[in-house]
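*Asks:* Just passing along the structure, written as structure tokens.
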Ligand SMILES: [Zn+2]
């Protein structure tokens with residue numbers, strides 16, 4: 001079932017749909033950006049923890065409290081990242097079959113309103129020219 005299967009109404013309505021799809025894509029882009037910045041934050045924190053543990057060991061010291069604090073921070077970032085990924089995945093299922101190319105490729109017959117392929121010269125339903 002494509003999103004456009006039931007859209008036989010005016011082109012204004014189609015334009016609304018396309019605008020909505022575009023909006024969803026922008027939201028998705030923001031999520032992706034959030035995900036990337038969290039990934040960045042996570043790898044930075046992990047690197048810092050590694051450097052801390054290394055420095056402590058090298059000097060024959062230990063600071064469990066500080067190490068635990070770092071680990072807690074990292075766990076927090078991991079949880080945020082997981083949530084961001086789950087959200088992006090959820091939204092992904094909403095827009096999965098409406099890639100931007102597909103939106104562009106869908107054309108409607110001006111006579112009968114059915115969707116025709118972009119490069120069709122004539123409507124396969126009513127036979128009228130669609131160009
Ligand atoms: Zn037609």
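*Asks:* Going residue by residue through the range 69-78, is there one that turns out to be at pLDDT 85 or above and at positive phi?
*Replies:* Within the range 69-78, none of the residues are at pLDDT 85 or above and at positive phi.
*Asks:* Then there's this: Please determine whether any residue of the range 105-123 is modelled with pLDDT under 90, in a helix (DSSP H, G or I) and more than 16 Å from the ligand (Cβ to nearest atom).
*Replies:* Yes, the conditions are met somewhere in the range 105-123.
*Asks:* Could you run through the range 56-93 and say how many residues are exposed (fewer than 15 other Cβ atoms within 10 Å of the Cβ) and more than 22 Å from residue 37 (Cβ to Cβ)?
*Replies:* Residues flagged as exposed (fewer than 15 other Cβ atoms within 10 Å of the Cβ) and more than 22 Å from residue 37 (Cβ to Cβ) within the range 56-93 amount to 13.
The values are calculated or read from the model by the stated rules, or taken from the named source; none is laboratory data. These numbers were taken from a predicted model, which means no experiment stands behind them. Please note: Cβ atoms are built from the backbone with ideal geometry, for glycine as well, and neighbour counts cover all protein chains shown.
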